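The block underneath contains the structure these notes are about, expressed in structure tokens.
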Amino acid sequence: MSINQQIKPVTTEENENLRIGGCDLTELAKRYGTPLYVIDEATLRGICREYKQAFQDYKNIKMMYACKALCTSAIIKILDEEGFGFDTVSAGEFYTVYKSGVDMSKVLFNGSNKSAGEIELALEYNIGRFSVDNFYEAELLNRIAAQKGLTADILLRITPGIECHTHNYIQTGQTDSKFGFDLSTIDEIINLIKNRYTNLNLKGLHAHIGSQIFEPKCYYDEVQILIKEISRINEHYGLSLKEMNIGGGLGVKYTEADTPPSVETLAKAVTDAMQEISLDIPTIYIEPGRSIISTAGITLYTAGSSKVIPNGKKYVALDGGMADNPRPAMYQAEYTAQVANKLKSKEFEIVTLAGRYCESGDILINDIKLPKIEAGDLICVYNTGAYNYSMASNYNRVEKPAMVLVNNSQSDIIVYRETLDNLIMYDVIPDRLKK
Ligand SMILES: *Cc1c(COP(=O)(O)O)cnc(C)c1O
């Protein structure tokens, strides 16, 4: 079983108290407070190795971690050690990567509305590839590169006419998407690059077909479309594009109902599609985000107040919620949880885990069967490594939680908990109000 097919981190031990990375979660809560993001290093490194193993027969594969899933300096450091490059979507992300000491030729800058300032900085850092998303940006990037006397190596982000999310697979001639060039506009942009944008060096095509994907066939079809398009372009324009970026999207297991394919199955879909069309291919980039970091992360909360409404439904309020994990409120995402200090309990009840924030929609998990919870109990929510901290906010003016990295019974802070002073540090009271 691949790590992305498991709900819990690989080092999870369920004895008296729940342990991850050899660390007792009740000890972590005492030492660092809650809510607390915990990242298990063995799980993170394990899935990186699964990706490398699965694609080992294909020499020209380049693994790029999609930073938007979770971008902190220590996480970048680990992925760099594992040989990954980085897919970034903002100056903040590629600055974090740069400051972590990564060779910037391994970094791609992607996004549908990059600012001129971000483009300038990316050129100064000699970023490896720009994924050019639209006509406006092609012109802008070419202009800024020309001013600096530089050439930007680019991929063109295309919309291949496939959209895939979990069990929902749509193939349309003309995809309604805010990202990329649809197939009907590719010739126009290639002509512009060939004839006018002389500071852009076209290396290949880029696509990303969705997220939380359970269907290997999506990748098979995507790769075939990309190869066909690259061959057509090479033939028609006398070019020799040799790079194809297939994006990320592999799903993970949040609850027992989720059935993502293994990394190996994904690799097989990609390589099968490659073999069917014989072409001297190119470098393939793959950009997983969620499947790299989701399973490695858990969030630890402390239970507080609880309430039973007249129909018998019981709410238990946690000390976190939609500001540290917006996914349930945003798209009804589902999670699995355990009471970290009550693994041996035999008395169960159905409860709804509510967040502390002032929105009725701030519910982390609806109707979950857990041991009877009392105030002070510790709730471990699994699979919160991806798109939790990276989407976190300070809603209700609450400090963002700390993050610790656990490994071999050791725990290290990798993101400090925000302080009350952090919350007001960018506030300014204009002089005229200071009377
Ligand atoms: C978001 C994104 C990814 C990563 O997607 P996951 O579902 O987290 O694997 C990769 N590539 C691009 C272009 C993206 O926008």
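The values are calculated or read from the model by the stated rules, or taken from the named source; none is laboratory data. Here the structure is a predicted model, which means the values were calculated and not measured. Cβ sites come from the backbone with ideal geometry, for glycine too, and all protein chains shown count toward neighbours.
Give the residue that is nearest to Glu93 (Cα to Cα), with candidates limited to residues of segment 407-426 that are over 20 Å from the mean Cα position of the chain (by Cα) and in a strand (DSSP E or B).
Per the criteria, the residue is Ile413.
Return the residues of segment 368-389 that are assigned to a strand (DSSP E or B) and in contact (Cβ under 8 Å) with a residue 24 or more places away in the chain; say none if nothing qualifies. Walk me through it before giving the result.
The first filter runs over segment 368-389 and keeps only residues assigned to a strand (DSSP E or B), leaving 368-371, 378-382.
Listed by number, the residues that qualify are Ile368, Leu370, Pro371, Leu378, Ile379, Cys380, Val381, Tyr382.
Would you please name the residue that is nearest to the ligand (Cβ to nearest atom), looking only at residues in segment 118-147 that are among the hydroxyl-bearing types (Ser, Thr, Tyr) and within 23 Å of Val102 (Cβ to Cβ)?
Only one residue tops the list, namely Ser131.
For segment 77-95, what are the residues that are within 16 Å of the ligand (Cβ to nearest atom) and either under 26 Å from Asp182 (Cβ atoms) or outside any loop (DSSP other than H, G, I, E, B) (or both)?
Of everything in segment 77-95, those that are within 16 Å of the ligand (Cβ to nearest atom) and either under 26 Å from Asp182 (Cβ atoms) or outside any loop (DSSP other than H, G, I, E, B) (or both) turn out to be Leu79, Gly85, Phe86, Asp87, Thr88, Val89, Ser90, Gly92, Glu93, Phe94.
Just one of the numbered conditions (1) crowded, with 18+ Cβ neighbours inside 10 Å; (2) touching an Asp or Glu at 6+ places or on another chain (Cβ under 6 Å) is not true of Leu343; which one?
Checking Leu343 against (1) crowded, with 18+ Cβ neighbours inside 10 Å; (2) touching an Asp or Glu at 6+ places or on another chain (Cβ under 6 Å), the one that fails is (1).
Consider Met63 carefully, then state whether it is touching a residue at least 60 places away in the same chain (Cβ under 8 Å), touching a Cys at 6+ places or on another chain (Cβ under 8 Å), closer than 30 Å to Asn245 by Cβ and of a type outside the set (Gly, Ala, Ser).
Working: touching a residue at least 60 places away in the same chain (Cβ under 8 Å): yes; touching a Cys at 6+ places or on another chain (Cβ under 8 Å): yes; closer than 30 Å to Asn245 by Cβ: yes; of a type outside the set (Gly, Ala, Ser): yes.
Spelling it out, Met63 is indeed touching a residue at least 60 places away in the same chain (Cβ under 8 Å), touching a Cys at 6+ places or on another chain (Cβ under 8 Å), closer than 30 Å to Asn245 by Cβ and of a type outside the set (Gly, Ala, Ser).
Restricted to segment 162-176, and to residues that are surrounded by 17 or more Cβ atoms within 10 Å (Cβ to Cβ) and touching a Gly at 6+ places or on another chain (Cβ under 6 Å), which residue is modelled with the highest pLDDT?
Looking only at segment 162-176, we keep the residues that are surrounded by 17 or more Cβ atoms within 10 Å (Cβ to Cβ), and these are 162-165, 169, 175.
Keeping just the survivors that are touching a Gly at 6+ places or on another chain (Cβ under 6 Å) gives 163-165, 175.
Numbers: Glu163: 83, Cys164: 87, His165: 84, Thr175: 64.
Filtering first and then ranking leaves Cys164.
Quick check on my filter: what residues within segment 1-50 are farther than 15 Å from Ile379 by Cβ, of a type in the set (A, V, I, L, M, F, W, C) and assigned to a helix (DSSP H, G or I)?
Ile3, Ala42, Leu44, Ile47, Cys48
Among the strands (runs of 3 or more DSSP E) contained in segment 156-266, which hold 3 or more residues that are within 23 Å of the chain's Cα centre (by Cα) and farther than 30 Å from Asn126 by Cβ? First the steps, then the outcome.
Details: elements: 162-165, 168-171, 200-206, 243-245.
So the answer is 162-165, 168-171.
Touching a residue at least 40 places away in the same chain (Cβ under 8 Å), touching a strand residue (DSSP E or B) at 6+ places or on another chain (Cβ under 6 Å) and over 22 Å from Asp57 (Cα atoms) - does that describe any residue in segment 257-275?
no
Phe84 - would you say it is buried (at least 16 other Cβ atoms within 10 Å of the Cβ), hydrophobic (A, V, I, L, M, F, W, C) and in contact with a Lys or Arg (Cβ under 9 Å, 6 or more places away or on another chain)?
For Phe84, the condition - buried (at least 16 other Cβ atoms within 10 Å of the Cβ), hydrophobic (A, V, I, L, M, F, W, C) and in contact with a Lys or Arg (Cβ under 9 Å, 6 or more places away or on another chain) - is met.
Say we look at segment 51-76 and pick out the residues that are of a type outside the set (A, V, I, L, M), part of a helix (DSSP H, G or I) and within 14 Å of the ligand (Cβ to nearest atom); which of these is farthest from Asp412 (Cα to Cα)?
Filtering first and then ranking leaves Tyr51.
If a residue must be surrounded by fewer than 18 Cβ atoms within 10 Å (Cβ to Cβ) and on the phi > 0 side of the Ramachandran plot, how many such residues does segment 87-119 contain?
1
Given (1) away from the ligand (no atom under 16 Å from the Cβ); (2) surrounded by 23 or more Cβ atoms within 10 Å (Cβ to Cβ); (3) small (Gly, Ala, Ser), where does Gly297 come up short, assuming only one miss?
For Gly297, the exception is condition (1).
Would you be able to say whether some residue in segment 277-291 is at pLDDT 95 or above, hydroxyl-bearing (Ser, Thr, Tyr), within 16 Å of the ligand (Cβ to nearest atom) and over 18 Å from the mean Cα position of the chain (by Cα)?
For segment 277-291, residues at pLDDT 95 or above, hydroxyl-bearing (Ser, Thr, Tyr), within 16 Å of the ligand (Cβ to nearest atom) and over 18 Å from the mean Cα position of the chain (by Cα): absent.
Among what's in segment 243-273 and is over 22 Å from Ser131 (Cα atoms) and of a type in the set (A, V, I, L, M, F, W, C), pick the residue that is nearest to the ligand (Cβ to nearest atom).
Among those residues, the one meeting the criterion is Val252.
Which of the residues that make up segment 390-406 are touching a residue at least 40 places away in the same chain (Cβ under 8 Å) and not in a loop (DSSP other than H, G, I, E, B)? Walk me through it before giving the result.
Step one: list which residues in segment 390-406 are touching a residue at least 40 places away in the same chain (Cβ under 8 Å), which gives 390-396, 398, 400-406.
The answer is Ser390, Met391, Tyr395, Asn396, Ala402, Met403, Val404, Leu405, Val406.
If you scan segment 98-116, which residues turn out to be more than 16 Å from the ligand (Cβ to nearest atom) and touching a helix residue (DSSP H, G or I) at 6+ places or on another chain (Cβ under 7 Å)?
Restricting attention to segment 98-116, the residues satisfying the condition of being more than 16 Å from the ligand (Cβ to nearest atom) are 98-105, 115-116.
Scanning segment 98-116 gives Tyr98, Lys99, Ser100, Val102, Met104, Ala116.
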